[in-house]
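One structure below.
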Amino acid sequence: MRSAVVLFALMFFFNLLKAQEISTFSGEDGSYAVTPETIIFKRVHEPEEYAFSLLVPHNWITEGGIYRIDPTAGGGSGNAIDAKVDFSVKNDRNGDVMIRFLPDMNYFDMRYSPAGQMGMFSVGSNYNGMMVLPFQSADQFIKYIVFPYAHPQVADFTVSASKNSPELINLVRKEDQYIGIPFEYDAGVVDMGYLEKGKEHREIVIAVTQDFGQLGAGLWKNRHTFFVRAPKDVFENWIPVFHVIISSLQINMQWLIGEIRGQVERGAINAEVLQRLQQLDDEIQQSHSNTNAQINNEMFLNLTGQEEYVNPYTNKVETGSNEWNHRWVNQQNEVIYTNDVNYNPNQDQRIGSDDFKLTPINKRK
């Protein structure tokens, strides 16, 4: 049996990040500088299926997106039911500064099955489209699966900090509570360093591993796996810009509804999930602040850098960075931050837009 919440990973993924800080902008010559006085963010859509969109700094690039595994080519249906996402936002082709979101994948632990005990499926082999692999803690999964997958050309790394995250486990349990099945989870955050192309990088990786227990008979998976990286000496400088990117995610609910319906047709989940989904769009906004409060200070540098603004077009309260004094937004929900009191984006020839308005700070009660 497959978990019905596999498609909710994208929303949790970014909700989890919205409270975090991990900021700078590269100059025209590619050099690294302090946070710029004015920075322009363009809204970019996931290119394959328009599953989500997010703000990306001007002249940055994105790579990857939603993809699907053919059960015939993949050796079985074990990873073919749900859409996968492998998506990067980075400052240039090399990705010296990058956020990357990695796919949820199913694995199968054969140690407790008769076939496995008879030696029919060795570690690394394929079982119905899933890699045969003993269940791993989040820490193990990050070090021995995530890192080699993300950096195949890097031979070694050092770990400066590694911690278990019971707070994240509690959030995932809350996310799964409507399923009514007691899964086992492990969640970890690993702060590591390594040399790539002669440059020393710092990288923070987060992952959850989920054991399906007796019901899964060996089935387990990773969830909510992502990393951020930058050159070690400027890593902390990237916090404000990363936060803006992460907090800007918008899920295409029509895509999500269609994807879950497709999973229902493929027998992956129960139709009750669709009923849950109808409430989801409103609940995302309603629970946003609560979720942020729960996970505040959990990841990265435990920094805060947020402010609440009122969108002049929608009159809704939005969370944005407090690293700049002024925030502008247009009808396409693109954002500009600036410390220049005289700057007017409607007069900026680089933008070609005349509908930007200042977003006032939300008045606290």
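Bear in mind that the values in this text are calculations on the coordinates, not laboratory data. Owing to the predicted nature of the structure, the values given are computational and were not obtained by experimental measurement. Don't worry about glycine lacking a Cβ; one is built from the backbone with ideal geometry, like all the others, and counts go over all protein chains shown.
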Give the order of Val132, Val317 when sorted by the count of other beta carbons within 10 angstrom, beginning with the fewest. Val317, Val132
As a Kirkwood estimate from alpha-carbon pairs, region 82-232 has a hydrodynamic radius in angstrom of 16.6 Å
Filtering trypsin sites (Lys or Arg not before Pro) in region 191-267 by DSSP loop and by at most 13 other Cβ atoms within 10 Å leaves Lys197
Order of Ser53, Ser165 - criterion: other Cβ atoms within 10 Å of each residue's Cβ, fewest first: Ser53, Ser165
Once you put a point 7 Å from the Cα of Leu215 and another 7 Å from the Cα of Glu236, both along the Cβ direction, what distance in nm separates them? 4.5 nm
How do Thr209, Thr338, Thr158 rank when sorted from fewest to most other Cβ atoms within 10 Å of their own Cβ? Thr158, Thr338, Thr209
Give me the Debye-computed log₁₀ of I(q)/I(0) at q = 0.26 Å⁻¹ for region 106-185, equal point scatterers on Cα only, no solvent, two decimals. -1.16
Rounded to 0.05, the calculated FRET efficiency for the beta carbons of Thr314 and Asn126 at R₀ = 51 Å is 0.60
Looking at region 171-203, which GluC sites (Glu not before Pro) are DSSP coil and have at most 16 other C-beta atoms within 10 Å of their C-beta? none
Rounded FRET efficiency, nearest 0.05, which uses the C-beta distance separating Arg350 from Glu167 and R0 of 51 Å: 0.80
Report, to one decimal in Å, the Kirkwood hydrodynamic radius for region 306-358 based on all distinct Cα pairs. 11.5 Å
Return the distance in nm (one decimal) between the two label points of a simple spin-label model at Ile257 and Asn362, each offset 7 Å from Cα along Cα→Cβ. 2.5 nm
Percentage relative contact order, region 306-358, counting C-alpha pairs under 8 Å, at least six apart: 28 percent
